1. Give the number of residues within the range 212-265 that are touching a residue at least 40 places away in the same chain (Cβ under 8 Å) and touching a helix residue (DSSP H, G or I) at 6+ places or on another chain (Cβ under 6 Å).
2. Take the residues in the range 131-141 that are in contact (Cβ under 8 Å) with a residue 60 or more places away in the chain and out of contact with any helix residue (DSSP H, G or I) (no Cβ under 9 Å at 6 or more places or on another chain), then tell me which one is nearest to the ligand (Cβ to nearest atom).
3. Quick check on my filter: what residues within the range 34-54 are surrounded by 15 or more Cβ atoms within 10 Å (Cβ to Cβ) and either at positive phi or in contact with a helix residue (DSSP H, G or I) (Cβ under 6 Å, 6 or more places away or on another chain) (or both)?
4. Would you please name the residue that is nearest to the chain's Cα centre (by Cα), looking only at residues in the range 132-157 that are within 14 Å of residue 215 (Cβ to Cβ) and surrounded by 16 or more Cβ atoms within 10 Å (Cβ to Cβ)?
5. Only one residue in 209, 199 is in contact (Cβ under 8 Å) with a residue 12 or more places away in the chain and surrounded by 23 or more Cβ atoms within 10 Å (Cβ to Cβ), so which one is that?
6. Looking at (1) assigned to a helix (DSSP H, G or I); (2) at pLDDT 95 or above, which one does residue 290 not meet, given that it meets all the others?
7. Of the residues 152, 146, only one is closer than 13 Å to residue 88 by Cα and within 14 Å of the ligand (Cβ to nearest atom); which?
Ligand code: PBG
């Protein structure tokens, strides 16, 4: 028998690109963006190189640039002024709250040229920093929180979001939001469910980005990193409740979960390369230990290979630009 020679398919760049099984397209990348209230100028986030808290004007410019680079969607996070936070995160629901103002503006400027998504969660807006409202004992009250998610999703839909993205891991959040949206005629507004969201140490830089007030952790609602089948249970529930797309988060340490969810979902699967994943690569590259561009490209490619067809990444624009250049 002749020797097996898999290297034959690796001989030239042309051969390698012919047989490549995973291909990235800018259209499958979603750029998460932060818009902050009360800023005169965009404010860099020190733990996330190249990422800023936007003003409405700089958001508008950067969003346009992302769309021009071919990025497929934008995910917006609102950062209110600290004095506007309260126990129920009411500034998230107010039409003149920062996130809703940003959605209104981008919806008017970009129309249907992109998919405008909004983080549907309370943590950026609450003074205690939790993703839900608290009961008298200080515990996150699941069912009371659902009422707030309904209002939040409606406010975002009215402001022009194409997709709302509940990220708080409350039980029943997808069903509650679907019911609220349908009740006001927003049947075309989609739900990207954070289906398997783990209580991760890698969210660290994000908490700086949104000026999180959290003292403690999210382990009573986000999943335990030790668990796999729990993600399947969450998936089946979200599909049943009417999620249009499902998401796994973080991505890199959870590629097995991405694969598991992709194998079982009849709807598009997204994965979120979160702040810590992005910043680790930037930090190592700043020290000259790894090649930033190659590492970011490889990480995102691997997330797609694992089964995600949509990737949220802070590097969406630069990756999209590299892809466009290479295809020329
Ligand atoms: C919650 C939310 C978080 C992220 C996205 N949505 C923070 C958290 O769960 O603590 C993290 C994103 C990232 O780390 O890049 N609204």
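The values are calculated or read from the model by the stated rules, or taken from the named source; none is laboratory data. Because the structure is a prediction, the values reported are computed rather than measured. Cβ sites come from the backbone with ideal geometry, for glycine too, and all protein chains shown count toward neighbours.
1. The total comes to 13.
2. For the range 131-141, the residue satisfying everything is 140.
3. 34, 35, 37, 42, 45, 47, 48, 49 - these are the residues of the range 34-54 that are surrounded by 15 or more Cβ atoms within 10 Å (Cβ to Cβ) and either at positive phi or in contact with a helix residue (DSSP H, G or I) (Cβ under 6 Å, 6 or more places away or on another chain) (or both).
4. Among those residues, the one meeting the criterion is 140.
5. Residue meeting the stated conditions: 209.
6. (1)
7. 152 is the lone residue from the list that is closer than 13 Å to residue 88 by Cα and within 14 Å of the ligand (Cβ to nearest atom).
Residue-by-condition table, conditions (1) under 21 Å from residue 272 (Cα atoms); (2) more than 14 Å from the ligand (Cβ to nearest atom); (3) surrounded by fewer than 24 Cβ atoms within 10 Å (Cβ to Cβ):
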| position | (1), (2), (3) |
| --- | --- |
| 56 | no, yes, yes |
| 62 | yes, yes, yes |
| 79 | yes, no, yes |
| 82 | no, yes, yes |
| 85 | no, no, yes |
| 88 | no, yes, yes |
